[in-house]
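Participant: My questions will all concern the structure given below.
The values are calculated or read from the model by the stated rules, or taken from the named source; none is laboratory data. Computed from a predicted structure; not experimentally measured. Don't worry about glycine lacking a Cβ; one is built from the backbone with ideal geometry, like all the others, and counts go over all protein chains shown. Remember, those area values only see protein heavy atoms, side chains included, never the ligands or the DNA or RNA. Shrake-Rupley method; radii C 1.70, N 1.55, O 1.52, S 1.80 Å.
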Amino acid sequence: MKIPFDVSNPIMMDAFLSYVDEFFISDRDVISKPTCLLKDLNELELYYQKINLYYSFSKVFNLEFDEQWVYDERSVVSEDINKILLNI
């Protein structure tokens, strides 16, 4: 099983373990989509990584997931990150 994410990042590890819990312990057929509460650069970058984790975890375990949401949300987050970087 290969799910690419930074295992040394505690926030990403928590997100991964949450998916493990949802799928293996709670026996859910669908895992939760990530959310982003703040719109600062650090949070947006983490959110982008969480979207990728949601996508990868779902693909590896053949779970139903909202693929269009993944593509749309990645695009929105990328634009938000770019706007912040252009203003630095």
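Participant: With r as the distance between the Cβ atoms of residue 75 and residue 17 and R0 = 30 Å, compute the FRET efficiency 1/(1 + (r/R0)^6) and round to 0.05.
Facilitator: Computed FRET efficiency for residue 17 and residue 75: 0.60.
Participant: Can you give the accessible area per residue of the range 10-86, in Å², using a 1.4 Å probe?
Facilitator: 61 Å²
Participant: Mind checking which of 10, 51, 85 is farthest towards the positive end of the chain's charge dipole, using Cβ charges of +1 (Lys, Arg) and -1 (Asp, Glu) about the Cα centre?
Facilitator: So the residue we want is 85.
Participant: Only loop residues by DSSP count here, and only those with at most 13 other Cβ atoms within 10 Å; note down the GluC sites (Glu not before Pro) in the chain that meet that.
Facilitator: 64
Participant: Sticking with this one: Specify the longest stretch of the chain that does not include any exposed loop site, a site being one of the trypsin sites (Lys or Arg not before Pro) with a non-H, G, I, E, B DSSP assignment and at most 16 other Cβ atoms within 10 Å.
Facilitator: 40-88
Participant: Let me ask something else. Could you work out how much longer the chain between residue 32 and residue 87 gets when fully extended? Use 0.36 nm per residue separation minus the Cα distance between them, nm to one decimal.
Facilitator: Gain on extension, residue 32 to residue 87, equals 16.6 nm.
Participant: Can you send over the solvent-accessible area of residue 63, 1.4 Å probe, protein chains only, in Å² to the nearest 10?
Facilitator: Counting only protein heavy atoms, the figure is 20 Å².
Participant: At 20 °C and 1.002 mPa s, what whole-number value in µm²/s does Stokes-Einstein give for the translational diffusion of the chain, with Rh from the Kirkwood sum over Cα pairs?
Facilitator: Value of D from the Cα-based Kirkwood radius: 157 µm²/s.
Participant: Percent of accessible area on the chain owned by carbon and sulfur, 1.4 Å probe?
Facilitator: 53 percent
Participant: List nothing, just return the count: lysine pairs in the range 10-86, 8 or more apart or interchain, with Cα separation under 15 Å.
Facilitator: 5
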